Amino acid sequence: MAHSQAGLTVSDPASDSTMASACTVPADATHGTDDGLHVQGLSKEFGGIHAVQDLSFSLREGMVHSIIGPNGAGKTTLLNLLTGVYLPSTGRIHIRGRDLTGLPAHAFAAAGIGRTFQNLQIFFNMTALENVMTGRHLRERCGLLPTLLRTPQLRRAERDCREHALRLLKFVGLGAQAESSADAMPYGALKRLEIARALAGEPKILLLDEPAAGLNPTESADVAVLIRRLAEGGTTVVLVEHNMRLVMGVSDHILVLDYGRRLAEGTAEQVRNDPRVIEAYLGAAAQPEQAHA
Ligand SMILES: Nc1ncnc2c1ncn2[C@@H]1O[C@H](COP(=O)(O)OP(=O)(O)OP(=O)(O)O)[C@@H](O)[C@H]1O
Ligand SMILES: [Mg+2]
């Protein structure tokens, strides 16, 4: 079966498997047997700081899983664990039936994990197009080598790479700025450029660390549309975000962290009415969506 990702056709035999209606399943029930990502007893300590504590959950294909929580709750640390940037203190991570615990970041990328960063990681001396092409190196021979060697095969690979990058820029609404230097692009465009670059690796699971931070409501709404289109195309999205309007609008499932632990989880409706969540964000008197509207 093939699924469309960012307007592209991506071969994905695993997408033939049945998608569960619930977003989470008992983590010890299925890992090693299906197509999702499964985390069991995951913890990360920095000295005496328990940044992530004993988390177990599963992600399901084509769904939007949000992770929310106050500053310092462990959200970015969790993404760093799920991308192989950090070695877990305890616990295991299975992706599509494979135990990736302890493997380096490139193994997670090769297994289909892509990400954006809380702090922009753009090459400001490159154009938008070149930035996206850097995200494609896992899939094709893009970059310096084809330019230097200029064999027909490599020239074709480079052309395909540019065309793919251009399609991704169009997908995120930056088609007209392909040749713009990144240092001349506004912040909102750079946030979308990061998404395009992450998509260049054709991730099955895309982790977004605060993609709407610093964006105005119109730009945030555009990010919501992008996220939904990705999920509809079969990409699993993990969204870390403080913008509650965005989270509540796009999420199939929400995991709430506090001090590295699971505080609550469920649908937007369940989470927004959970007294523990309201307490953790604002104190018992207020509703969570007022926090960062
Ligand atoms: N590399 C590190 N070394 C030491 N402590 C760290 C490191 N990374 C994170 N921490 C600590 O772990 C805890 C969780 O941090 P993390 O950045 O994961 O939180 P967060 O939920 O992403 O917060 P925010 O919403 O502010 O981005 C914090 O106490 C933080 O200071
Ligand atoms: Mg963070």
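Readers should treat all values here as calculations from the given coordinates under stated rules, not as data from a laboratory. Source: prediction; values computed, not measured. Here the Cβ is made from the backbone with ideal geometry for all residues, glycine too, and neighbour counts use every protein chain on show.
State whether the stretch 171-247 is rounded, prolate or oblate according to the following rule on the C-alpha gyration tensor (a ≥ b ≥ c being the square roots of its eigenvalues): a/c under 1.5 gives rounded; otherwise a/b larger than b/c gives prolate, and the remaining case gives oblate. Oblate, because a/c is 1.5 or more while a/b does not exceed b/c. Taking a sphere under 13 Å around the Cβ of GLY69 and counting the other residues whose Cβ falls inside, with K and R at +1 and D and E at -1, yields a net charge of -3.
Taking the three principal axes of the alpha carbon atoms in the stretch 202-268, the coordinate ranges are 30, 28, 19 Å, sorted in descending order. Taking a straight line from the alpha carbon of LYS44, these lysines sit under 29 Å away, with near neighbours fewer than eight places off in the same chain left out: LYS75, LYS191, LYS204.
All other residues whose Cβ lies under 14 angstrom from that of TYR259 are scored, Lys and Arg at +1 and Asp and Glu at -1, for a net of +1.
Percent of alpha carbon pairs in the stretch 151-281 separated by more than 26 Å? Tail fraction, whole percent: 33.
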